[in-house]
Structure formats: C-alpha cells, structure tokens
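The values are calculated or read from the model by the stated rules, or taken from the named source; none is laboratory data. Keep in mind that what you see is a predicted model, and the values were worked out from it rather than measured. Using ideal geometry, Cβ is built from the backbone for each residue, glycine included, and neighbour counts are taken over all protein chains shown. With ligands, DNA and RNA removed, areas are computed over all heavy atoms of the protein, side chains included. Shrake-Rupley method; radii C 1.70, N 1.55, O 1.52, S 1.80 Å.
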Amino acid sequence: MENTNQQRKCRIGIIGAGRIGKLHAENIKNYLPQFELNAIADPCLNKAWADRLSIAGQYTASEDVLFHQNLDAVLIASPSNLHVVQIKAASEAGKAIFCEKPIGLYEEEILEVLHTTQANGTLLQLGFNRRFDPSFSHLQKQVHAGEIGAVHLVKITSRDPVCPTKEYCATSGGLFMDMTIHDFDMARFLTQSEVIEVYATGAVLINPDFAALDDIDTAIIQMRFANGALGVIDNSRQAVYGYDQRIEVFGKEGMLLANNQLKHSVMHYANKFTEQANPEYFFLERYHQAFRAELDSFYSAWLHNSPSPVSGRDGLQALRIAQAAKRSLVSKSPVFLS
C-alpha cells in the first residue's frame, strides 16, 4: 500500500555535529519519528556517537550531505559564517532547509540567499526556537487574541549562565548577532510589528576578552515599534544563578508575564528564609520542548507544502535590528530603521 501524507517520512541530513547539531540528531532519533535521519557531516565527527544513533551516512565534508541523493531536507547547524554558502547549495540541490540562526552575517548575502531560495521554491525555516516554547507561544497567542488590549510595553530578559569561549566569539558576529538576535525576533513575534528605532548601550563587565574582539558582554537595548509600542531587552553573558529567560508584555487592559522555568517547583518556607530552585541551567534544558516543536513545524510545512513558520525574511529583519543596535552602540545615539 502506498504511504499517505500522514505516514510519509522526511529523509533528512545534518551538517554540523557540535552541541546543537547533536541535540537535533538525538531529538530526531528519539522523539520525531516523522523524520528519517540518513546522513550527518562534520570535520570532527564523533563516529562512536553517530554509530550509537545508527546514522548510516557519516561524512566529514558538508558536500556529501548537501548533494546526497536520498535526502529530502538538510538541517544546517554549522558555524554561522558557512550558512550562506550551504543554504544556496542545498537550495540548488532541491532540498528543504532548516538552518540555525543567523542566515548570514551581512544583509547583502542574506538578500542573495532569499533570492535563490525564492527562485527555487525552497522551504527555508530559521531556528528561532523560542517562538515554539510553550510558555512564550501561549503568551503570544493571548497578546494577539486581544487579552491585554493594545500593547504598550514589551520587556525581554535574556541572560546566559556562562560566557562562551573566546574562539566561539571570534566567529559569532558579536553579542547582538549571536545572542540578542533571538530576542529581536521574539520582540517582532510578540508585537507583530516592525522595529523602527533602536538605542543600544553596552559594556564589558564580565570578561575582558570581549573588548579585544570589539564586543560586549552586557547590554540594554531600547526599541520603538511601528505600531507605537515600546520595548526593552537586557542581556548578560553570565548570570551565576542559571539561564534567565523572562518576558513581560504590558497593554491597555492588563499584563502577561512568562517567568523562568525552575529546576523544580518546590518552595521551602522556613523561620528565617523562603527558598526556591534556580532557573534551568542553559538552553538545552530550558528549551528542550521548543527544539522538538520547531522541527515538528518544519516537517508539517514540508509535508503540506505550506509557508515556513519562521521565514528567511524573519531572519533578515532580526539581522537588520542587530546591525542597527551595533551602530547605535558605536555612535551612542538612536538608529532609525526604514
């Protein structure tokens, strides 16, 4: 009997077997049976790990996945500076593409990517996984259902528990491009409105290595949206108590708040103190549901030939805000976006 659409599997390969590539591979193998993971490529591929997941195609060169004959889709989890070339090649090879952020580091090259994928009719989804977090997704749906009326203020807190390595930061594109870009996307997602003005301030307060890279480790970004709402994002590369991820949306008729997810929900009340658990340690623990949900949405878009739930344009707009934030940081003045 022929497979129905509901039974049809998406044959996928992964480029990049670092922390995020391994996470996606293990999620596909353990939780997402609608996919068939047939290939993975990484210059330093851990063969024992790949064998444990029973991945048949194990390669060191990305081309072996990009041009693999028995794949419907490619998941790109390679370093950011390789995304543009790999997206173009995968599109020309007729593959659907899921790519971790960012698409690229420069607007001109991203526009070229969008032209290529549009010309080829390629499904391209960006890995802005926070959109798929159950709490954040529910909050966004309530905002758009009018539960708090017109949005006045959006506040996003995003603080990592530990600084990335100097080697990683050297190719990441900087704090705004690497870290805050998730928050810029979330701001657009929550308001369904474009950012028209950015004012960013930042400092090196944690690790002096960031100064040598012309980067920062602590930042506050103010935003004005086309619909009149105001927003603020605060970032830190090191919150000693865990992965601090909070969102507040204040409107004409009330407020919506998504707090941290804690390691457990037990509260300890004693004579001289009240105690609760710290937030989850980092993104692997905090967003484990979101990582699976974003790939499930990618599968659905591929299966039904429907629009990408997180499009290339979403990636472009987030990058434009990140670039404006960098210009504002340097100029110490607001920057306007057309």
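When each of 64, 133, 72 is tested for being open to solvent by less than 10 Å² (accessible area, probe 1.4 Å) and among the acidic types (Asp, Glu), the lone residue that passes is 133.
Within this structure, residue 181 fails the test of being within 18 Å of residue 131 (Cα to Cα), open to solvent by less than 20 Å² (accessible area, probe 1.4 Å) and assigned to a strand (DSSP E or B).
When segment 275-327 is filtered for residues that are closer than 28 Å to residue 203 by Cβ, in contact with an Asp or Glu (Cβ under 9 Å, 6 or more places away or on another chain) and of a type in the set (Ser, Thr, Tyr), only 287 remains.
Can you spot a residue in segment 211-222 that is closer than 21 Å to residue 177 by Cβ, touching an Asp or Glu at 6+ places or on another chain (Cβ under 6 Å) and in a strand (DSSP E or B)?
Yes.
With respect to residue 13, determine if the residue is part of a loop (DSSP other than H, G, I, E, B) and open to solvent by less than 10 Å² (accessible area, probe 1.4 Å).
When the stated conditions are applied, residue 13 does not pass them.
Listed here are the helices (runs of 4 or more DSSP H) enclosed by segment 63-168 that have at least 2 residues being under 19 Å from residue 320 (Cα atoms): 83-92, 107-120. Scan segment 77-100 for residues that are crowded, with 18+ Cβ neighbours inside 10 Å and on the phi > 0 side of the Ramachandran plot and the total you get is 0.
Count, please, the residues in segment 101-112 that happen to be open to solvent by 20 Å² or more (accessible area, probe 1.4 Å) and either within 7 Å of residue 126 (Cα to Cα) or aliphatic (A, V, I, L, M) (or both).
Within segment 101-112, residues that are open to solvent by 20 Å² or more (accessible area, probe 1.4 Å) and either within 7 Å of residue 126 (Cα to Cα) or aliphatic (A, V, I, L, M) (or both) number 3.
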